[in-house]
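Novice: One structure coming up, written as structure tokens, with questions to follow.
The values are calculated or read from the model by the stated rules, or taken from the named source; none is laboratory data. Nothing here was measured: the structure is a model prediction, and the numbers come from that model. Counting neighbours? That spans all protein chains shown, and the Cβs are built from the backbone with ideal geometry, glycine included. The area values use the complete protein model at the heavy-atom level, side chains included, leaving out ligands, DNA and RNA. Shrake-Rupley method; radii C 1.70, N 1.55, O 1.52, S 1.80 Å.
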Amino acid sequence: MNAEQLFWQLYDAPDEDTVHGIIARYPNIFKQENWRPLGGTESNYSIVENQQSNPVAALVEKIINSIDAILMRRCIEAGIDPRSPRAPRSVQEALERFFPERRDWNLGRGRSSEKLNKQAESIQVLRDGKSLLVYDDGEGQHPEDFEATFLSLLRKNKNDIHFVQGKYNMGGSGALVFCGKHRYQLIASKRFDGSGNFGFTLVRRHPFTAEEQRTMKSTWYEYLTLNGAIPAFRIGEIDLRLFRRMFRTGTVIKLYSYELTGNSDVSRDLGRSVQEYLYNPALPFYMVQSRDGHGSQHTPWRVIYGLKNRLENDDNEFVEEFFHEKFEDQEFGTVVVSVYVFKVRAGQRDAKETRKAIQENYFKNNMAVLFSVNGQVHGHYTAEFITRTLQYNLLRDYLLIHVDCTDMNPGFRNELFMASRDRLRQSKESSELRKKLAVHLREGRLAEIYKQRKAQTSADHAEDEELIRKIAQKVEINENMRRLLRQAIKTQQTDPTPKPTPSKPKEHHDPKPFHPKRYPTFFKLDAKQQGDRTVIAVPLGGTKTVRFETDVSDDYFSRTEDPGDMQIAVMDYVPNDVRGGTRKGTVNQIADIFTVSKKSPSNGTIKIVLEPNKNAQVGDEARLRVDLKNPAGEDFTQIFWVRITEPPAEPKEVPPTEPETLGLPQLVRVYERAPEDQPDVKTWADLPVDMNFETVMHPVVEGDVLQTIYINMDSHVLKQHRSKLRNASREQLQLIDRRYAISIYYHTLFLYAINKNRGFSVAQGDKDVDLTDYLRELFDHHYAEFLLSFEMDDLIDALA
């Protein structure tokens with residue numbers, strides 16, 4: 001069998017078992033003398049095995065290598081040595097120089113443009129039986145260069161090329177651990193200029209002989225050679241069953257029996273997962289569900305151009321609002337944070353269906369906060385950041401945050417991510433970034449959005465509040481129980497002084513309508529002048545929000561065409577001379593003295609948040625210049641002074657005075673539709689959470705504090721219980737409703753308090769379950785039925 005015949009046998013094999021059979025059938029070809037250790041060393045097992053932690057992240061590394069290969073090809077075709085000073089210094093610069101047509105790729109919002117589709121053909125991920133194919137028409141390699149490129153490990157073959165992401169050639173081997181039991185991977189390539197032969201090799205995990213099993217501690221990875229060289233043969237144009245093209249040059253890699261979940265649809269399911277790891281890739285690519293019996297009920301192919309493009313597409317039915325903010329800090333440098341808030345109800349879906357669709361489309365990998373470099377996600381936080389750090393529980397399933405670390409200080413960034421580029425380090429830098437990210441997100445537009453969502457939960461509950469208080473007085477709560485509840489719910493002190501009569505509410509005036517413009521016509525600082533200058537006080541250890549009025553549209557900083565920008569510079573810096581005048585009176589950048597967060601415009605207001613850093617001292621003053629850049633005309637400038645003031649005073653703890661009453665969570669009764677005699681009650685459609693006939697209750701937590709318990713008064717459980725009472729009077733039905741609401745309320749309260757204070761965590765299989773979701777499921781499945789059927793004489797007496 002010659003090299004060409006061998007290649008086709010391996011390439012046509014649908015899975016690792018078939019490859020294993022080929023190896024067994026031709027022992028003279030696959031004898032051990034023809035295998036060489038990957039990377040030139042048999043000590044390669046730990047290098048290969050300790051890379052990406054899941055198959056999607058490992059596959060993404062293959063796609064990144066393909067993008068690198070195409071950028072390298074374009075650079076060489078332009079007559080530029082990729083390692084020379086003439087070469088681009090970043091991925092973005094490479095795109096601007098080698099792909100000037102890329103602005104046309106986003107034409108046709110809501111659908112892929114023809115130019116985008118054509119470019120995507122250059123990189124393809126295709127399903128082939130139980131295996132995956134990854135193809136690109138990048139630079140390709142001669143067979144004699146395989147060992148220095150595809151088959152190397154820890155070699156710095158791209159470390160001095162600034163416009164690619166691969167550095168140590170580890171990404172090429174990271175996917176091996178997910179290639180079935182035997183770790184088979186086929187690599188084939190031809191140089192882009194058509195010179196040389198088409199070379200190929202098979203990579204595998206070395207199978208131990210009986211003797212090696214007794215004497216060796218660990219195995220290694222190896223690749224196939226024939227007659228001491230990479231197998232090769234001549235080709236012109238061959239059919240590798242790619243999408244819409246024949247193979248001439250480039251690279252194709254086959255990952256046998258690749259670890260996919262079930263019969264995963266490559267174009268849809270795997271495509272969505274890949275996009276979560278590729279927030280904004282440099283180049284688009286195809287994900288193709290092959291025509292081999294594994295049919296797709298959906299589109300058999302899909303262009304993937306990153307999560308950002310999906311989220312910001314005009315036709316996206318799930319995203320309610322998105323905005324971008326820029327943070328500048330002396331320690332970590334510059335990061336751009338993008339925030340996407342999803343709708344509670346999208347299209348014709350109810351809240352439950354919407355939440356499920358959002359999870360399937362955007363959170364398949366349970367990543368709520370994404371950290372990326374050059375568009376590739378290098379680490380993430382789960383929704384725990386939203387509930388525990390931001391304490392925005394109502395947004396837990398409806399918020400996605402992206403942090404672009406491309407322009408971050410390299411030293412800080414190196415301490416942030418693992419070498420595998422798929423997870424964050426547990427480091428001081430990671431903790432510091434987490435804290436600062438939370439502080440600035442809670443200062444801007446996101447805080448306003450959360451306030452709006454929270455406002456939807458408010459209700460007039462005076463009657464229920466009175467009922468809860470009376471029952472609480474009937475129930476003896478010892479000090480241990482009081483301490484248990486105090487940590488899980490709000491507490492309040494009873495105030496013996498009479499409350500003043502509420503004044504007449506102020507007349508409400510509708511806000512003046514805002515008519516945004518594409519480009520600003522004015523830019524004005526919203527601050528009072530002190531004498532002949534404007535001075536803004538910023539507390540040391542605190543933050544200060546500075547507001548500017550303008551008339552530009554909210555997408556001014558984030559839109560693709562003609563975006564604007566806002567720049568902040570220090571004109572003068574006057575330190576408070578408390579140390580003998582030894583400190584410098586000038587600084588180079590705003591980040592030298594302040595951490596700055598620049599907010600996107602919102603209804604005519606642009607905000608910046610200033611936080612003094614460790615270089616600032618009380619009494620220091622800085623004169624700042626803020627320029628609103630205008631690509632269509634003249635820029636606008638505002639100049640003002642900032643003075644560092646004393647830190648905010650620590651709030652004094654007021655010792656508790658007796659008697660103490662528990663500030664119990666709000667009880668809110670919710671109906672499918674408002675009853676005729678209660679037109680102002682809450683309905684399912686009013687809530688920022690999902691509720692239907694199967695739902696009994698929904699607890700709302702802020703941080704770790706139980707704030708509200710929604711009780712569904714139109715649940716099947718209550719309706720069925722009421723139907724058992726024939727000829728019941730109105731008073732009897734009201735009593736049942738009150739008993740149902742109070743029983744559910746108090747059981748939820750105590751179950752939450754006990755679980756929270758005991759530190760229990762809940763899991764369903766290998767998936768962690770939020771405590772509020774667990775309690776909701778508990779009541780939905782027969783627990784509420786039991787409570788209604790159980791005789792509770794004391795409770796009935798209290799209600800009577």
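Novice: I'd like the full set of residues that are open to solvent by 30 Å² or more (accessible area, probe 1.4 Å), in contact with a strand residue (DSSP E or B) (Cβ under 7 Å, 6 or more places away or on another chain) and part of a loop (DSSP other than H, G, I, E, B), limited to region 600-617.
Specialist: Hit for region 600-617 is Gln617, nothing else.
Novice: Taking region 355-364, which residues are crowded, with 19+ Cβ neighbours inside 10 Å and closer than 16 Å to Asp773 by Cβ?
Specialist: Arg355, Ile358
Novice: Any residue in region 1-16 that is on the phi < 0 side of the Ramachandran plot sitting within a Cβ distance under 6 Å of a residue that is buried (at least 20 other Cβ atoms within 10 Å of the Cβ) and in a helix (DSSP H, G or I)? List the pairs, counting only those 6 or more apart or interchain.
Specialist: From region 1-16, the pairs are Ala13/Val19.
Here's the yes/no breakdown for (1) at pLDDT 85 or above; (2) under 27 Å from Thr389 (Cβ atoms):
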site: Val689; (1), (2): no, yes
site: Val696; (1), (2): yes, no
site: Glu702; (1), (2): no, yes
site: Thr708; (1), (2): yes, yes
site: Ser723; (1), (2): no, no
site: Ala728; (1), (2): no, no
site: Ile744; (1), (2): yes, no
site: Leu749; (1), (2): yes, yes
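Novice: Any idea which of Ile709, Ile754, Ile744 is within 32 Å of the chain's Cα centre (by Cα) and in a helix (DSSP H, G or I)?
Specialist: The match here is Ile754.
Novice: Something else about it: Considering each of Thr219, Thr201 in turn, give the residue that is crowded, with 23+ Cβ neighbours inside 10 Å and touching a residue at least 12 places away in the same chain (Cβ under 8 Å).
Specialist: Exactly one of Thr219, Thr201 is crowded, with 23+ Cβ neighbours inside 10 Å and touching a residue at least 12 places away in the same chain (Cβ under 8 Å), namely Thr201.
Novice: While we're on this one: Which number in (1) within 21 Å of Arg272 (Cβ to Cβ); (2) part of a loop (DSSP other than H, G, I, E, B); (3) in contact (Cβ under 8 Å) with a residue 12 or more places away in the chain; (4) open to solvent by 10 Å² or more (accessible area, probe 1.4 Å) marks the one condition that Met367 misses?
Specialist: Unmet for Met367, out of (1) within 21 Å of Arg272 (Cβ to Cβ); (2) part of a loop (DSSP other than H, G, I, E, B); (3) in contact (Cβ under 8 Å) with a residue 12 or more places away in the chain; (4) open to solvent by 10 Å² or more (accessible area, probe 1.4 Å): (4).
Novice: Still on this model: Here is a list: Tyr740, Tyr745, Tyr752. Which entry is open to solvent by less than 30 Å² (accessible area, probe 1.4 Å), farther than 21 Å from Ser789 by Cβ and hydroxyl-bearing (Ser, Thr, Tyr)?
Specialist: Result of the check over Tyr740, Tyr745, Tyr752: Tyr752.
Novice: Name the pairs: first residue in region 65-83 and surrounded by fewer than 21 Cβ atoms within 10 Å (Cβ to Cβ), second residue basic (Lys, Arg) and in a loop (DSSP other than H, G, I, E, B), Cβ to Cβ under 7 Å, at least 6 apart or on different chains?
Specialist: Every condition considered, the pairs that remain are Ile80/Arg86.
Novice: Of the conditions (1) open to solvent by less than 40 Å² (accessible area, probe 1.4 Å); (2) at pLDDT 95 or above; (3) of a type in the set (S, T, N, Q); (4) within 41 Å of the chain's Cα centre (by Cα), Thr18 satisfies every one except a single condition; which number is it?
Specialist: (1)
Novice: Which numbered condition trips up Arg442, out of (1) surrounded by 21 or more Cβ atoms within 10 Å (Cβ to Cβ); (2) farther than 29 Å from Gln52 by Cα?
Specialist: If we test Arg442 against (1) surrounded by 21 or more Cβ atoms within 10 Å (Cβ to Cβ); (2) farther than 29 Å from Gln52 by Cα, just (1) comes out false.
Novice: Being out of contact with any helix residue (DSSP H, G or I) (no Cβ under 8 Å at 6 or more places or on another chain) and at pLDDT below 85 narrows it down to one residue among Arg111, Arg155; which is it?
Specialist: The unique qualifying residue is Arg111.
Novice: Please note which helices (runs of 4 or more DSSP H) are completely contained in region 1-108 and include at least 1 residues that are among the β-branched types (Val, Ile, Thr).
Specialist: 16-25, 45-49, 55-77, 91-98
Novice: Restricting to region 757-770, give me the number of residues that are under 27 Å from the mean Cα position of the chain (by Cα) and not in a loop (DSSP other than H, G, I, E, B).
Specialist: 6
Novice: Pick out the one residue from Asp551, Asp572, Asp565 that is among the charged types (D, E, K, R), touching a strand residue (DSSP E or B) at 6+ places or on another chain (Cβ under 9 Å), within 30 Å of Arg103 (Cβ to Cβ) and open to solvent by 20 Å² or more (accessible area, probe 1.4 Å).
Specialist: Just a single option satisfies the conditions, and that option is Asp565.
Novice: Would you confirm whether or not region 379-391 contains a residue that is open to solvent by less than 40 Å² (accessible area, probe 1.4 Å), within 18 Å of Leu424 (Cα to Cα) and part of a strand (DSSP E or B)?
Specialist: yes
Novice: What number of residues within region 114-147 satisfy the criterion of being more than 21 Å from Phe233 (Cβ to Cβ) and free of Cβ contacts under 8 Å to residues at least 60 places away in the same chain?
Specialist: 3
Novice: Filter region 445-468 down to the residues that are modelled with pLDDT under 80 and surrounded by 18 or more Cβ atoms within 10 Å (Cβ to Cβ) and list them by number.
Specialist: Thr457, Ala459, Asp464, Leu467, Ile468
Conditions tested, residue by residue: (1) open to solvent by 40 Å² or more (accessible area, probe 1.4 Å); (2) aromatic (Phe, Trp, Tyr).
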residue	(1), (2)
His206	no, no
Thr215	yes, no
Met246	yes, no
Tyr258	no, yes
Arg272	yes, no
Phe285	no, yes
